[in-house]
Amino acid sequence: MTHHPASPLFPAFPHADQLHHQARLHEAMQRVFDSGRLILGAEVSAFESEFATFLGVKHVVGVGSGTDAIEVMLRALGIGPGSRVVVPAFAPSAVASGVMRSGAEVVFADIDKDTFTLCPDSLDNLLRSPVGRGVKAALVVHLYGHPADWLNLQRVANEHGITLLEDCAQAHGAKWHGRMTGTLGKMAAFSFYPTKNLAACGDAGAVATDDRELAERLRLIRQYGWRERQVSAIHGVNSRLDELQAALLRAKLPWLRESVNQRRRLAALYDARLGSNRRLTTPPVRGGCEHAFHQYVVRCERRDTLLRHLENAGIPVAVHYPVPLHQQPAFGANSTFPTAEAAAETVLSLPLHPHLSEEAVNAVCEVIETLPPSC
Ligand SMILES: Cc1ncc(COP(=O)(O)O)c(C=O)c1O
(Lines give C-alpha, C1' and ligand atoms only; values in the text may rest on other atoms or scores of the structure.)
Protein backbone atom coordinates (compact mmCIF):
# COMPACT_ATOMS: atom_id res chain seq x y z
CA MET A 1 0.00 0.00 0.00
CA THR A 2 1.23 3.48 -0.87
CA HIS A 3 2.66 5.37 2.08
CA HIS A 4 1.35 8.92 2.19
CA PRO A 5 3.43 11.50 4.04
CA ALA A 6 1.25 13.58 6.38
CA SER A 7 0.55 17.16 5.30
CA PRO A 8 -1.00 20.03 7.29
CA LEU A 9 -4.36 19.46 5.54
CA PHE A 10 -4.17 15.66 5.92
CA PRO A 11 -2.63 14.81 9.30
CA ALA A 12 -2.02 11.07 9.77
CA PHE A 13 -4.60 9.60 12.15
CA PRO A 14 -2.56 7.90 14.85
CA HIS A 15 -0.25 10.87 15.25
CA ALA A 16 -3.04 13.47 15.23
CA ASP A 17 -4.92 11.38 17.81
CA GLN A 18 -1.85 11.13 20.04
CA LEU A 19 -1.28 14.89 19.86
CA HIS A 20 -4.94 15.56 20.64
CA HIS A 21 -4.82 13.37 23.77
CA GLN A 22 -1.18 14.09 24.64
CA ALA A 23 -1.61 15.40 28.20
CA ARG A 24 -3.99 12.57 29.14
CA LEU A 25 -1.70 9.95 27.60
CA HIS A 26 1.35 11.24 29.48
CA GLU A 27 -0.58 11.22 32.73
CA ALA A 28 -1.72 7.64 32.08
CA MET A 29 1.82 6.46 31.31
CA GLN A 30 3.15 8.13 34.45
CA ARG A 31 0.48 6.40 36.54
CA VAL A 32 1.59 3.01 35.22
CA PHE A 33 5.29 3.69 35.79
CA ASP A 34 4.52 4.93 39.33
CA SER A 35 2.51 1.77 40.06
CA GLY A 36 5.40 -0.54 39.17
CA ARG A 37 2.90 -3.04 37.71
CA LEU A 38 3.19 -3.73 33.97
CA ILE A 39 1.09 -6.83 33.27
CA LEU A 40 -2.53 -7.67 34.26
CA GLY A 41 -2.98 -5.12 37.02
CA ALA A 42 -5.44 -2.42 38.01
CA GLU A 43 -5.36 -0.60 34.65
CA VAL A 44 -6.35 -3.70 32.68
CA SER A 45 -9.18 -4.52 35.13
CA ALA A 46 -10.42 -0.92 35.03
CA PHE A 47 -10.30 -0.74 31.23
CA GLU A 48 -12.13 -4.06 30.94
CA SER A 49 -14.93 -2.85 33.15
CA GLU A 50 -15.12 0.64 31.56
CA PHE A 51 -15.22 -0.79 28.04
CA ALA A 52 -17.85 -3.33 29.13
CA THR A 53 -19.98 -0.42 30.41
CA PHE A 54 -19.46 1.47 27.15
CA LEU A 55 -20.68 -1.54 25.16
CA GLY A 56 -23.42 -2.63 27.54
CA VAL A 57 -21.98 -6.13 27.92
CA LYS A 58 -21.19 -8.10 31.08
CA HIS A 59 -17.55 -9.07 30.49
CA VAL A 60 -14.58 -7.75 28.54
CA VAL A 61 -11.26 -9.62 28.57
CA GLY A 62 -8.21 -7.72 27.32
CA VAL A 63 -5.78 -9.57 25.02
CA GLY A 64 -2.70 -8.75 22.94
CA SER A 65 -4.32 -7.89 19.57
CA GLY A 66 -7.44 -8.25 17.47
CA THR A 67 -6.04 -11.33 15.75
CA ASP A 68 -5.42 -12.89 19.17
CA ALA A 69 -8.96 -11.95 20.19
CA ILE A 70 -10.32 -14.07 17.30
CA GLU A 71 -8.08 -16.99 18.21
CA VAL A 72 -8.82 -17.04 21.96
CA MET A 73 -12.54 -16.51 21.36
CA LEU A 74 -12.64 -19.67 19.22
CA ARG A 75 -10.48 -21.61 21.68
CA ALA A 76 -12.78 -20.60 24.53
CA LEU A 77 -15.69 -22.10 22.60
CA GLY A 78 -13.73 -25.30 22.03
CA ILE A 79 -13.51 -24.61 18.28
CA GLY A 80 -10.24 -25.85 16.82
CA PRO A 81 -8.88 -28.69 14.68
CA GLY A 82 -11.67 -30.62 12.97
CA SER A 83 -14.06 -27.64 12.99
CA ARG A 84 -14.81 -25.14 10.27
CA VAL A 85 -15.47 -21.43 10.69
CA VAL A 86 -17.11 -19.25 8.02
CA VAL A 87 -15.60 -15.85 7.30
CA PRO A 88 -16.54 -13.31 4.62
CA ALA A 89 -14.39 -13.58 1.49
CA PHE A 90 -13.81 -9.81 1.56
CA ALA A 91 -12.09 -8.76 4.78
CA PRO A 92 -8.58 -8.05 6.11
CA SER A 93 -6.35 -11.12 6.14
CA ALA A 94 -6.12 -10.95 9.95
CA VAL A 95 -9.63 -12.38 10.06
CA ALA A 96 -8.61 -15.62 8.35
CA SER A 97 -5.27 -15.73 10.20
CA GLY A 98 -6.96 -15.49 13.59
CA VAL A 99 -9.28 -18.38 12.74
CA MET A 100 -6.41 -20.51 11.40
CA ARG A 101 -4.40 -19.93 14.57
CA SER A 102 -7.17 -21.66 16.53
CA GLY A 103 -6.58 -24.75 14.38
CA ALA A 104 -10.03 -24.51 12.76
CA GLU A 105 -10.41 -24.56 8.98
CA VAL A 106 -11.49 -21.32 7.31
CA VAL A 107 -14.33 -21.50 4.78
CA PHE A 108 -15.57 -18.48 2.87
CA ALA A 109 -18.95 -17.01 1.99
CA ASP A 110 -19.74 -14.01 -0.18
CA ILE A 111 -20.68 -10.52 0.97
CA ASP A 112 -23.62 -8.19 0.57
CA LYS A 113 -22.95 -5.80 -2.34
CA ASP A 114 -24.02 -2.63 -0.53
CA THR A 115 -22.51 -3.02 2.94
CA PHE A 116 -19.63 -5.45 2.21
CA THR A 117 -20.69 -7.57 5.20
CA LEU A 118 -21.42 -11.32 5.27
CA CYS A 119 -24.36 -12.16 2.99
CA PRO A 120 -27.04 -14.27 4.79
CA ASP A 121 -28.05 -16.05 1.55
CA SER A 122 -24.45 -16.96 0.75
CA LEU A 123 -24.01 -18.26 4.31
CA ASP A 124 -27.19 -20.29 3.96
CA ASN A 125 -26.05 -21.80 0.62
CA LEU A 126 -22.67 -22.67 2.08
CA LEU A 127 -24.21 -24.38 5.09
CA ARG A 128 -26.44 -26.47 2.81
CA SER A 129 -23.45 -27.57 0.70
CA PRO A 130 -20.89 -30.32 1.52
CA VAL A 131 -18.41 -27.60 2.59
CA GLY A 132 -20.91 -26.63 5.27
CA ARG A 133 -20.31 -29.90 7.10
CA GLY A 134 -18.34 -29.34 10.28
CA VAL A 135 -19.04 -25.59 10.39
CA LYS A 136 -19.38 -24.59 14.04
CA ALA A 137 -19.43 -20.82 13.77
CA ALA A 138 -19.46 -17.80 11.47
CA LEU A 139 -17.25 -14.80 12.21
CA VAL A 140 -19.29 -11.78 11.17
CA VAL A 141 -17.15 -8.74 10.34
CA HIS A 142 -18.81 -5.33 10.64
CA LEU A 143 -16.61 -4.11 7.83
CA TYR A 144 -15.59 -0.44 7.70
CA GLY A 145 -17.87 0.09 10.74
CA HIS A 146 -21.19 -0.87 9.09
CA PRO A 147 -23.17 -3.37 11.19
CA ALA A 148 -23.87 -6.63 9.37
CA ASP A 149 -27.41 -7.86 8.56
CA TRP A 150 -27.73 -9.43 11.99
CA LEU A 151 -31.41 -10.43 11.93
CA ASN A 152 -31.05 -12.51 8.76
CA LEU A 153 -27.65 -13.91 9.74
CA GLN A 154 -29.06 -14.99 13.11
CA ARG A 155 -32.03 -16.62 11.37
CA VAL A 156 -29.67 -18.65 9.14
CA ALA A 157 -27.40 -19.50 12.08
CA ASN A 158 -30.35 -20.71 14.18
CA GLU A 159 -31.63 -22.85 11.35
CA HIS A 160 -28.28 -24.60 10.93
CA GLY A 161 -27.32 -24.64 14.62
CA ILE A 162 -24.11 -22.64 14.31
CA THR A 163 -22.78 -19.89 16.59
CA LEU A 164 -22.46 -16.28 15.40
CA LEU A 165 -19.37 -14.40 16.54
CA GLU A 166 -18.57 -10.77 15.82
CA ASP A 167 -15.42 -9.10 14.57
CA CYS A 168 -15.73 -5.51 15.78
CA ALA A 169 -12.17 -4.42 14.97
CA GLN A 170 -13.60 -1.68 12.73
CA ALA A 171 -16.88 -1.10 14.52
CA HIS A 172 -16.28 0.50 17.93
CA GLY A 173 -19.32 2.70 18.46
CA ALA A 174 -21.53 1.26 15.68
CA LYS A 175 -25.10 0.29 16.53
CA TRP A 176 -27.61 -2.18 15.11
CA HIS A 177 -31.21 -1.32 16.01
CA GLY A 178 -30.04 0.53 19.10
CA ARG A 179 -27.65 -2.22 20.24
CA MET A 180 -23.89 -1.70 20.17
CA THR A 181 -21.99 -3.99 17.86
CA GLY A 182 -20.07 -6.25 20.21
CA THR A 183 -23.25 -7.22 22.09
CA LEU A 184 -24.99 -9.09 19.28
CA GLY A 185 -23.12 -12.39 19.02
CA LYS A 186 -22.06 -15.04 21.54
CA MET A 187 -18.70 -13.27 21.70
CA ALA A 188 -17.07 -10.34 19.93
CA ALA A 189 -13.44 -9.63 19.06
CA PHE A 190 -12.04 -6.07 19.17
CA SER A 191 -8.73 -4.65 17.97
CA PHE A 192 -7.23 -1.45 19.35
CA TYR A 193 -4.47 -1.29 16.71
CA PRO A 194 -3.29 2.34 16.41
CA THR A 195 -5.51 3.16 13.40
CA LYS A 196 -8.75 1.87 14.92
CA ASN A 197 -11.63 4.05 16.17
CA LEU A 198 -10.40 3.34 19.70
CA ALA A 199 -6.65 3.20 19.26
CA ALA A 200 -3.88 2.05 21.59
CA CYS A 201 -0.25 3.12 21.07
CA GLY A 202 0.75 -0.40 20.04
CA ASP A 203 -0.99 -3.74 19.64
CA ALA A 204 -3.98 -4.43 21.84
CA GLY A 205 -7.32 -6.24 21.65
CA ALA A 206 -10.24 -7.58 23.68
CA VAL A 207 -13.10 -10.06 23.67
CA ALA A 208 -16.59 -9.08 24.87
CA THR A 209 -19.25 -11.52 26.04
CA ASP A 210 -22.25 -11.78 28.36
CA ASP A 211 -21.33 -15.35 29.25
CA ARG A 212 -19.54 -15.62 32.59
CA GLU A 213 -18.12 -19.10 31.99
CA LEU A 214 -16.72 -18.11 28.60
CA ALA A 215 -15.18 -14.99 30.15
CA GLU A 216 -13.49 -17.18 32.74
CA ARG A 217 -12.11 -19.46 30.05
CA LEU A 218 -10.85 -16.45 28.11
CA ARG A 219 -8.98 -15.25 31.20
CA LEU A 220 -7.33 -18.66 31.57
CA ILE A 221 -6.48 -19.00 27.89
CA ARG A 222 -4.87 -15.55 27.58
CA GLN A 223 -2.27 -16.55 30.17
CA TYR A 224 -1.01 -20.11 29.58
CA GLY A 225 -4.24 -21.61 30.88
CA TRP A 226 -3.24 -20.64 34.42
CA ARG A 227 -5.86 -20.70 37.13
CA GLU A 228 -3.09 -20.44 39.71
CA ARG A 229 0.42 -19.29 38.89
CA GLN A 230 2.64 -21.83 37.12
CA VAL A 231 -0.14 -24.44 36.81
CA SER A 232 -1.88 -24.71 33.43
CA ALA A 233 -5.43 -25.93 33.97
CA ILE A 234 -6.11 -25.88 30.23
CA HIS A 235 -4.02 -25.30 27.12
CA GLY A 236 -3.52 -21.56 26.75
CA VAL A 237 -1.44 -18.93 24.99
CA ASN A 238 0.35 -15.74 25.98
CA SER A 239 -1.87 -12.87 24.89
CA ARG A 240 -2.15 -10.31 27.65
CA LEU A 241 -3.25 -6.71 27.28
CA ASP A 242 -0.49 -4.80 29.08
CA GLU A 243 -0.97 -2.12 31.73
CA LEU A 244 0.47 0.64 29.58
CA GLN A 245 -1.88 0.04 26.64
CA ALA A 246 -4.84 -0.38 29.01
CA ALA A 247 -4.06 2.97 30.70
CA LEU A 248 -3.71 4.70 27.31
CA LEU A 249 -7.02 3.20 26.15
CA ARG A 250 -8.71 4.37 29.37
CA ALA A 251 -7.47 7.89 28.66
CA LYS A 252 -9.13 7.89 25.22
CA LEU A 253 -12.31 5.90 25.91
CA PRO A 254 -14.34 8.89 27.23
CA TRP A 255 -13.86 10.54 23.80
CA LEU A 256 -14.86 7.53 21.71
CA ARG A 257 -18.53 8.45 21.33
CA GLU A 258 -17.73 11.99 20.25
CA SER A 259 -14.97 10.90 17.88
CA VAL A 260 -17.34 8.44 16.14
CA ASN A 261 -19.92 11.26 15.88
CA GLN A 262 -17.26 13.44 14.25
CA ARG A 263 -16.55 10.63 11.75
CA ARG A 264 -20.30 10.56 10.99
CA ARG A 265 -20.42 14.34 10.47
CA LEU A 266 -17.53 14.19 7.99
CA ALA A 267 -19.11 11.18 6.24
CA ALA A 268 -22.35 13.17 5.87
CA LEU A 269 -20.35 15.98 4.28
CA TYR A 270 -18.83 13.53 1.78
CA ASP A 271 -22.33 12.12 1.09
CA ALA A 272 -23.71 15.60 0.43
CA ARG A 273 -20.85 16.55 -1.90
CA LEU A 274 -20.49 13.23 -3.73
CA GLY A 275 -23.99 11.71 -3.58
CA SER A 276 -24.94 12.97 -7.03
CA ASN A 277 -21.60 12.14 -8.70
CA ARG A 278 -22.48 9.52 -11.31
CA ARG A 279 -18.96 8.09 -11.45
CA LEU A 280 -18.93 6.73 -7.94
CA THR A 281 -21.28 5.30 -5.32
CA THR A 282 -21.20 6.63 -1.76
CA PRO A 283 -21.61 4.10 1.09
CA PRO A 284 -25.30 3.42 1.86
CA VAL A 285 -26.31 2.91 5.49
CA ARG A 286 -28.96 0.26 6.01
CA GLY A 287 -32.10 1.23 8.01
CA GLY A 288 -31.69 0.73 11.77
CA CYS A 289 -27.89 0.87 11.52
CA GLU A 290 -25.54 3.50 12.94
CA HIS A 291 -22.30 3.31 10.98
CA ALA A 292 -19.05 3.86 12.92
CA PHE A 293 -17.21 5.03 9.77
CA HIS A 294 -13.86 3.47 10.51
CA GLN A 295 -13.46 3.97 6.76
CA TYR A 296 -15.44 6.01 4.25
CA VAL A 297 -15.42 3.73 1.21
CA VAL A 298 -16.78 4.68 -2.19
CA ARG A 299 -17.18 2.32 -5.14
CA CYS A 300 -16.05 3.35 -8.60
CA GLU A 301 -15.87 1.29 -11.81
CA ARG A 302 -12.74 3.24 -12.85
CA ARG A 303 -11.26 2.91 -9.37
CA ASP A 304 -7.60 2.82 -10.37
CA THR A 305 -7.98 5.95 -12.51
CA LEU A 306 -9.63 7.78 -9.61
CA LEU A 307 -6.99 6.46 -7.21
CA ARG A 308 -4.15 7.82 -9.37
CA HIS A 309 -5.94 11.13 -9.89
CA LEU A 310 -6.31 11.61 -6.11
CA GLU A 311 -2.77 10.44 -5.36
CA ASN A 312 -1.34 12.83 -7.95
CA ALA A 313 -3.14 15.64 -6.12
CA GLY A 314 -1.53 14.55 -2.81
CA ILE A 315 -4.72 13.07 -1.31
CA PRO A 316 -4.03 10.08 0.98
CA VAL A 317 -6.37 7.38 -0.31
CA ALA A 318 -6.17 3.61 0.11
CA VAL A 319 -7.68 0.36 -1.13
CA HIS A 320 -9.12 -1.80 1.62
CA TYR A 321 -8.77 -4.59 0.34
CA PRO A 322 -7.22 -5.26 -3.07
CA VAL A 323 -7.25 -9.10 -2.95
CA PRO A 324 -10.21 -11.09 -1.56
CA LEU A 325 -9.24 -13.69 1.02
CA HIS A 326 -10.12 -16.71 -1.14
CA GLN A 327 -7.62 -15.48 -3.77
CA GLN A 328 -4.74 -15.06 -1.31
CA PRO A 329 -2.09 -17.81 -1.44
CA ALA A 330 -2.27 -18.52 2.29
CA PHE A 331 -6.02 -19.14 2.30
CA GLY A 332 -6.65 -20.21 -1.29
CA ALA A 333 -10.10 -21.62 -1.81
CA ASN A 334 -11.32 -23.37 -4.89
CA SER A 335 -14.36 -21.20 -5.45
CA THR A 336 -15.42 -17.81 -6.70
CA PHE A 337 -17.23 -15.10 -4.79
CA PRO A 338 -18.36 -12.56 -7.39
CA THR A 339 -19.44 -9.81 -4.99
CA ALA A 340 -16.20 -10.01 -3.00
CA GLU A 341 -14.18 -9.98 -6.24
CA ALA A 342 -16.09 -6.95 -7.58
CA ALA A 343 -15.58 -5.14 -4.26
CA ALA A 344 -11.81 -5.68 -4.40
CA GLU A 345 -11.76 -4.05 -7.84
CA THR A 346 -13.97 -1.07 -7.11
CA VAL A 347 -13.53 0.09 -3.49
CA LEU A 348 -11.61 3.22 -2.55
CA SER A 349 -11.19 4.59 0.97
CA LEU A 350 -11.24 8.39 1.13
CA PRO A 351 -9.50 10.17 4.02
CA LEU A 352 -11.63 10.13 7.17
CA HIS A 353 -10.78 10.45 10.85
CA PRO A 354 -11.98 12.68 13.66
CA HIS A 355 -9.04 15.10 13.39
CA LEU A 356 -9.64 15.82 9.73
CA SER A 357 -11.16 19.22 8.91
CA GLU A 358 -14.19 19.95 6.75
CA GLU A 359 -11.77 21.91 4.58
CA ALA A 360 -9.86 18.67 3.92
CA VAL A 361 -13.06 16.79 3.00
CA ASN A 362 -14.06 19.62 0.65
CA ALA A 363 -10.59 19.53 -0.91
CA VAL A 364 -10.94 15.78 -1.61
CA CYS A 365 -14.36 16.34 -3.20
CA GLU A 366 -13.01 19.17 -5.37
CA VAL A 367 -10.24 16.92 -6.69
CA ILE A 368 -12.79 14.18 -7.44
CA GLU A 369 -14.94 16.71 -9.30
CA THR A 370 -11.97 17.64 -11.50
CA LEU A 371 -11.53 14.08 -12.80
CA PRO A 372 -11.50 14.61 -16.58
CA PRO A 373 -14.64 13.25 -18.32
CA SER A 374 -12.44 11.15 -20.63
CA CYS A 375 -11.19 9.09 -17.66
C1 LIG B 1 -11.75 -6.55 10.70
C2 LIG B 1 -10.45 -6.82 11.41
N3 LIG B 1 -10.30 -7.97 12.10
C4 LIG B 1 -9.17 -8.26 12.76
C5 LIG B 1 -8.11 -7.38 12.76
C6 LIG B 1 -6.87 -7.76 13.48
O7 LIG B 1 -6.53 -6.87 14.50
P8 LIG B 1 -5.01 -6.70 14.95
O9 LIG B 1 -4.31 -5.94 13.89
O10 LIG B 1 -5.13 -5.93 16.24
O11 LIG B 1 -4.45 -8.05 15.16
C12 LIG B 1 -8.22 -6.17 12.06
C13 LIG B 1 -7.14 -5.20 12.06
O14 LIG B 1 -6.23 -5.18 11.34
C15 LIG B 1 -9.41 -5.89 11.36
O16 LIG B 1 -9.56 -4.76 10.66
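Give me a count of the residues in the stretch 7-36 that are surrounded by 14 or more Cβ atoms within 10 Å (Cβ to Cβ) and outside any helix (DSSP H, G or I).
Matching residues across the stretch 7-36 total 5.
Against the definition (hydrophobic (A, V, I, L, M, F, W, C), within 16 Å of the ligand (Cβ to nearest atom) and closer than 22 Å to ASP210 by Cβ), how does MET100 come out, yes or no?
no
I'm trying to understand the selection: among the residues of the stretch 195-215, which are in contact with a His (Cβ under 9 Å, 6 or more places away or on another chain) and either of a type in the set (Ser, Thr, Tyr) or within 11 Å of the ligand (Cβ to nearest atom) (or both)? Give the steps one after another, and end with the answer.
First, pick out the residues of the stretch 195-215 that are in contact with a His (Cβ under 9 Å, 6 or more places away or on another chain): 195-198, 207-212, 214-215.
Matches in the stretch 195-215: THR195, LYS196, ASN197, THR209.
Test of understanding: among ARG286, ARG308, which residue is in a loop (DSSP other than H, G, I, E, B) and either modelled with pLDDT of 95 or more or hydrophobic (A, V, I, L, M, F, W, C) (or both)?
Values: ARG308 fails: in a loop (DSSP other than H, G, I, E, B).
Of the residues listed, the single one that is in a loop (DSSP other than H, G, I, E, B) and either modelled with pLDDT of 95 or more or hydrophobic (A, V, I, L, M, F, W, C) (or both) is ARG286.
Among the listed residues GLY66, GLY41, which satisfies the condition of being within 16 Å of the ligand (Cβ to nearest atom) and either touching a residue at least 12 places away in the same chain (Cβ under 8 Å) or of a type outside the set (A, V, I, L, M) (or both)?
Details: GLY41 fails: within 16 Å of the ligand (Cβ to nearest atom).
It is GLY66.
Only one residue in LEU253, LEU352, LEU348 is hydrophobic (A, V, I, L, M, F, W, C), in a loop (DSSP other than H, G, I, E, B) and under 18 Å from the mean Cα position of the chain (by Cα), so which one is that?
Within the list LEU253, LEU352, LEU348, the selection yields LEU352.
For the stretch 279-291, how many residues are touching a residue at least 40 places away in the same chain (Cβ under 8 Å) and surrounded by fewer than 17 Cβ atoms within 10 Å (Cβ to Cβ)?
So the answer is 4.
Within the stretch 183-198, is even one residue in contact with a Phe, Trp or Tyr (Cβ under 7 Å, 6 or more places away or on another chain), more than 22 Å from ALA89 (Cα to Cα) and modelled with pLDDT of 95 or more?
Within the stretch 183-198, one or more residues are in contact with a Phe, Trp or Tyr (Cβ under 7 Å, 6 or more places away or on another chain), more than 22 Å from ALA89 (Cα to Cα) and modelled with pLDDT of 95 or more.
Output yes when any residue across the stretch 61-69 is farther than 24 Å from PRO130 by Cβ, surrounded by fewer than 20 Cβ atoms within 10 Å (Cβ to Cβ) and either among the aliphatic types (A, V, I, L, M) or not assigned by TED's automatic domain parsing to the domain that holds VAL260 (or both), and no when none is.
no
I need the full set of residues from the stretch 292-330 which are surrounded by 14 or more Cβ atoms within 10 Å (Cβ to Cβ), small (Gly, Ala, Ser) and under 23 Å from the mean Cα position of the chain (by Cα), in order please.
ALA292, ALA318
Just one of ALA188, ALA199 is aliphatic (A, V, I, L, M) and in contact with a strand residue (DSSP E or B) (Cβ under 7 Å, 6 or more places away or on another chain); which is it?
Just one listed residue meets the conditions, ALA188.
Looking only at the stretch 103-125, how many residues end up being within 16 Å of the ligand (Cβ to nearest atom) and either outside the structural domain of THR67 (by TED's automatic domain parsing) or assigned to a strand (DSSP E or B) (or both)?
To start, the set of residues in the stretch 103-125 that are within 16 Å of the ligand (Cβ to nearest atom) comprises 104, 106, 108-109, 111-112, 115-118.
Checking the rest, the ones that are also either outside the structural domain of THR67 (by TED's automatic domain parsing) or assigned to a strand (DSSP E or B) (or both) come to 106, 108-109, 111, 118.
Qualifying residue count for the region: 5.
Of the conditions (1) touching a Phe, Trp or Tyr at 6+ places or on another chain (Cβ under 8 Å); (2) under 21 Å from ASN197 (Cβ atoms), ARG265 fails just one. Which one is it?
Tallying (1) touching a Phe, Trp or Tyr at 6+ places or on another chain (Cβ under 8 Å); (2) under 21 Å from ASN197 (Cβ atoms), ARG265 fails exactly one: (1).
Pairs under 7 Å by beta carbon, first residue within 23 Å of THR336 (Cβ to Cβ) and charged (D, E, K, R) in the stretch 72-97, partner at pLDDT 95 or above and outside any strand (DSSP E or B), six or more apart or different chains?
Here the result reads ARG84/ALA104; ARG84/GLY134, each pair linking the stretch 72-97 to a residue that is at pLDDT 95 or above and outside any strand (DSSP E or B).
Working carefully through the options GLY82, GLY56, GLY41, find the one that is touching a helix residue (DSSP H, G or I) at 6+ places or on another chain (Cβ under 9 Å) and not assigned by TED's automatic domain parsing to the domain that holds SER357.
Going through GLY82, GLY56, GLY41 in turn, just one is touching a helix residue (DSSP H, G or I) at 6+ places or on another chain (Cβ under 9 Å) and not assigned by TED's automatic domain parsing to the domain that holds SER357: GLY41.
Name the strands (runs of 3 or more DSSP E) wholly within the stretch 156-244 that hold at least 3 residues that are in the same structural domain as GLY36 (by TED's automatic domain parsing), buried (at least 24 other Cβ atoms within 10 Å of the Cβ) and touching a residue at least 24 places away in the same chain (Cβ under 8 Å)?
Of the strands (runs of 3 or more DSSP E) lying wholly inside the stretch 156-244, those with at least 3 residues that are in the same structural domain as GLY36 (by TED's automatic domain parsing), buried (at least 24 other Cβ atoms within 10 Å of the Cβ) and touching a residue at least 24 places away in the same chain (Cβ under 8 Å) span 163-167, 188-191, 205-209.
The values are calculated or read from the model by the stated rules, or taken from the named source; none is laboratory data. This one's a predicted model, so the numbers in the text were calculated from it and none came from an experiment. Note: ideal-geometry Cβ built from the backbone for every residue, glycine included; neighbour counts use all protein chains shown.
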